Amino acid sequence: QKEVEQDPGPLSVPEGAIVSLNCTYSNSAFQYFMWYRQYSRKGPELLMYTYSSGNKEDGRFTAQVDKSSKYISLFIRDSQPSDSATYLCAMRENYGQNFVFGPGTRLSVLP
Amino acid sequence: DVKVTQSSRYLVKRTGEKVFLECVQDMDHENMFWYRQDPGLGLRLIYFSYDVKMKEKGDIPEGYSVSREKKERFSLILESASTNQTSMYLCASSHGGGHEQYFGPGTRLTVT
């Protein structure tokens, strides 16, 4: 079993749809949870991060962490074609330096 | 504007060649990382460094070595390139204990 699992997609949705992206993990020591967005032929860039459990909202994006289920989600409201990218979840222990990444979900938002 | 740069966007090398990938960051970050990214496998950590001249093995260090002589520069070395090292290589940096990594644009290496 991989440490972090993520549905690779591809996921295609119409413009304006609500998108749900998810990751599951096995290491209960993870405390920092990040979502990165990676456009084609570019490096990943941080979208949102959450510490421990709970929700965090930033514009059209909401990140949720459920540590009891070892499950994190990223919701995108009113999706736009410019949201088309690969979305990577990443996690880190409290005092660790290493980040563990999921394999990424490729999202296409169709106009 | 924060910046991580990598020496090449595309590189083609022959089996057995020694390959150097360079990464430079201008943010005075303590930590620097080298990953490779393959379809379906995501980002896998090769090596990281938390200080000048310090290095730690990641998940897949075999066939690779690194060098960090200056804080802003982290080099990845493939001593004898093999075809299974064909991949996208990504460099990243972060503050010590920071939650955000800043990535370079990547180097797509093909070994023939």
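Taking only segment A:73-111 into account, find how many residues are more than 14 Å from every other protein chain (Cβ to nearest Cβ) and assigned to a strand (DSSP E or B).
Summing the residues that are more than 14 Å from every other protein chain (Cβ to nearest Cβ) and assigned to a strand (DSSP E or B) in segment A:73-111 gives 8.
Considering each of B:Val24, B:Val12, B:Val52 in turn, give the residue that is in contact (Cβ under 8 Å) with a residue 60 or more places away in the chain and at negative phi.
B:Val12
Hey, can you tell me all the residues within segment B:31-49 that are at the interface with another protein chain (Cβ under 10 Å from one of its Cβ atoms), part of a strand (DSSP E or B) and either closer than 11 Å to B:Cys91 by Cα or not acidic (Asp, Glu) (or both)?
Once the filter is applied, which keeps residues that are at the interface with another protein chain (Cβ under 10 Å from one of its Cβ atoms), part of a strand (DSSP E or B) and either closer than 11 Å to B:Cys91 by Cα or not acidic (Asp, Glu) (or both), segment B:31-49 yields B:Asn31, B:Phe33, B:Tyr35, B:Gln37, B:Gly42, B:Leu43, B:Arg44, B:Leu45, B:Phe48, B:Ser49.
For the list (1) of a type outside the set (D, E, K, R); (2) farther than 12 Å from B:Leu109 by Cβ; (3) crowded, with 16+ Cβ neighbours inside 10 Å; (4) away from chain A (no Cβ under 14 Å), I need the number of the one condition that B:Ala92 fails.
Going through the list (1) of a type outside the set (D, E, K, R); (2) farther than 12 Å from B:Leu109 by Cβ; (3) crowded, with 16+ Cβ neighbours inside 10 Å; (4) away from chain A (no Cβ under 14 Å), B:Ala92 breaks only (4).
Can you tell me which residue is surrounded by the most Cβ atoms within 10 Å (Cβ to Cβ) among those in segment A:39-68 that are out of contact with any helix residue (DSSP H, G or I) (no Cβ under 9 Å at 6 or more places or on another chain), in a loop (DSSP other than H, G, I, E, B) and without any contact (Cβ under 8 Å) to a residue 40 or more places away in the chain?
So, considering only residues that are out of contact with any helix residue (DSSP H, G or I) (no Cβ under 9 Å at 6 or more places or on another chain), in a loop (DSSP other than H, G, I, E, B) and without any contact (Cβ under 8 Å) to a residue 40 or more places away in the chain, the one surrounded by the most Cβ atoms within 10 Å (Cβ to Cβ) is A:Gly43.
Consider B:Ile77 carefully, then state whether it is more than 14 Å from chain A (Cβ to nearest Cβ), among the hydrophobic types (A, V, I, L, M, F, W, C), in a strand (DSSP E or B) and within 15 Å of the chain's Cα centre (by Cα).
Judged against the criteria, B:Ile77 is a match.
Can you tell which of A:Ile76, A:Ile72 is in contact with a helix residue (DSSP H, G or I) (Cβ under 7 Å, 6 or more places away or on another chain) and more than 26 Å from B:Thr5 (Cα to Cα)?
After ruling out the rest, the residue left standing is A:Ile76.
Out of B:Val111, B:Val66, report the one residue that is more than 8 Å from every other protein chain (Cβ to nearest Cβ), crowded, with 16+ Cβ neighbours inside 10 Å, closer than 19 Å to B:Ser7 by Cβ and touching a helix residue (DSSP H, G or I) at 6+ places or on another chain (Cβ under 8 Å).
Exactly one residue qualifies, and that residue is B:Val111.
Going through A:Val19, A:Val4 one at a time, which residue ends up being surrounded by 12 or more Cβ atoms within 10 Å (Cβ to Cβ) and under 25 Å from B:Ile60 (Cα atoms)?
A:Val4
Take the conditions of a type in the set (Gly, Ala, Ser), within 14 Å of chain A (Cβ to nearest Cβ), closer than 20 Å to A:Phe99 by Cα and without any contact (Cβ under 8 Å) to a residue 12 or more places away in the chain and apply them to B:Gly97. Does it pass?
Yes, satisfied.
A short reminder: the numbers here are calculations on the coordinates, not readings from a lab. All of these numbers come straight from a predicted model, not from anything done at the bench. Cβ atoms come from the backbone with ideal geometry, glycine included; neighbour counts cover every protein chain shown.
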